[in-house]
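Written out below as structure tokens is the structure these notes cover.
Each value in this text was obtained by applying a stated rule to the coordinates, not by laboratory testing. Small disclaimer: the values here were computed from a predicted structure and weren't measured. Reconstructed Cβ throughout: ideal geometry from the backbone, glycine too, with neighbour counts over all protein chains shown.
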Amino acid sequence: MPFTYADTWLRDGIVHFATEVAGPDRLARIAEEARNCRQDAFDRINDSSEIVGRRNGSIFSPQRCRAHRGGPELKGLVFDPEFIALLCDITGNQTLLPARYGLKFYSRGDYMAVHRDDPKCSVTVSFALTNDMDPMGSLPHMRNLSNDEVLELILDQGFFPSGGRDVELKPGTLVAFDGYNVPHWRPPHCADEGAILGTMCYFSI
Ligand SMILES: [Fe+2]
């Protein structure tokens, strides 16, 4: 029997997928919309040096980038019933509700230190809207550890722990991942050209 997206989700909590409902034309429209949003983006900066485990199970950490809520093209994909049904199939959830979505703009040096997403993110979806997006770092083998256990293992390693797995972010392919449980980060953006990331979070009820 072929290995399926759902098998990969169970094993790793990270699934790369492509789908007609988020095909090249739609992603191109979202990318154009995103480029037009850049001028209205706002700073998303936490200059603290602390990585903090929170009572809600998330891990909150420093970051630097710009962000925007996105426009109707992005919202259309986030709320598309066919897209949500696919995410349910991949992740074994019966009902997923869009919880939040937006765009992240990374200039040279922008980053997001190792963290766990907030509890609304039963499924986090990220996708590159530019060609020059560096891979995301991840620690899927720590998916089932408590915050205390994760912090014990990573706190002496700074913002970007070693021993992780790179998660490629290439235009045309989306990544669904267990962002509440799998610690992950964005390394400092290397290219002179800025990068744009689409993100969406779904809550399982
Ligand atoms: Fe995240």
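Summary table below
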quantity	calculated
Number of the condition not met by His184 [criteria: (1) within 11 Å of the chain's Cα centre (by Cα); (2) over 14 Å from Val114 (Cα atoms); (3) not aromatic (Phe, Trp, Tyr)]	(2)
Search result, residues across the range 155-199 that are in contact with a helix residue (DSSP H, G or I) (Cβ under 8 Å, 6 or more places away or on another chain) and closer than 22 Å to Arg11 by Cα	Pro161, Arg165, Leu174, Ala176, Asp178, Val182, Pro183
Of all residues making up the range 129-171, the number that are among the acidic types (Asp, Glu), in contact (Cβ under 8 Å) with a residue 24 or more places away in the chain and surrounded by fewer than 18 Cβ atoms within 10 Å (Cβ to Cβ)	4
Strands (runs of 3 or more DSSP E) lying entirely in the range 133-186 (those with 2 or more residues that are within 14 Å of the ligand (Cβ to nearest atom))	136-138, 174-177, 184-186
Test: Ile45 is more than 27 Å from Gly92 (Cβ to Cβ) and either surrounded by 14 or more Cβ atoms within 10 Å (Cβ to Cβ) or touching a residue at least 12 places away in the same chain (Cβ under 8 Å) (or both)	yes
Selection within the range 115-132 - farther than 20 Å from Pro62 by Cβ and either small (Gly, Ala, Ser) or more than 16 Å from the ligand (Cβ to nearest atom) (or both)	Ser122, Ala128, Leu129, Thr130, Asn131, Asp132
Answer from Leu103, Leu87 - the residue that is within 16 Å of the ligand (Cβ to nearest atom) and surrounded by 14 or more Cβ atoms within 10 Å (Cβ to Cβ)	Leu103
Qualifying residue in the range 106-113 (condition: closer than 18 Å to Tyr202 by Cβ, within 14 Å of the ligand (Cβ to nearest atom) and either part of a loop (DSSP other than H, G, I, E, B) or not small (Gly, Ala, Ser) (or both))	no
Residue list for the range 38-58, filter: under 20 Å from Arg116 (Cα atoms) and of a type outside the set (S, T, N, Q)	Arg44, Ile45, Asp47, Glu50, Ile51, Val52, Gly53, Arg54, Arg55, Gly57
Subset of the range 90-100 that is touching a helix residue (DSSP H, G or I) at 6+ places or on another chain (Cβ under 8 Å) and surrounded by fewer than 16 Cβ atoms within 10 Å (Cβ to Cβ) - its residue that is nearest to Pro119 (Cα to Cα)	Thr95
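Yes/no matrix, rows are residues, columns are (1) β-branched (Val, Ile, Thr); (2) more than 14 Å from the chain's Cα centre (by Cα):
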| residue | (1), (2) |
| --- | --- |
| Gly71 | no, yes |
| Leu74 | no, yes |
| Asp80 | no, yes |
| Phe83 | no, yes |
| Ile90 | yes, yes |
| Ala99 | no, no |
| Ala113 | no, no |
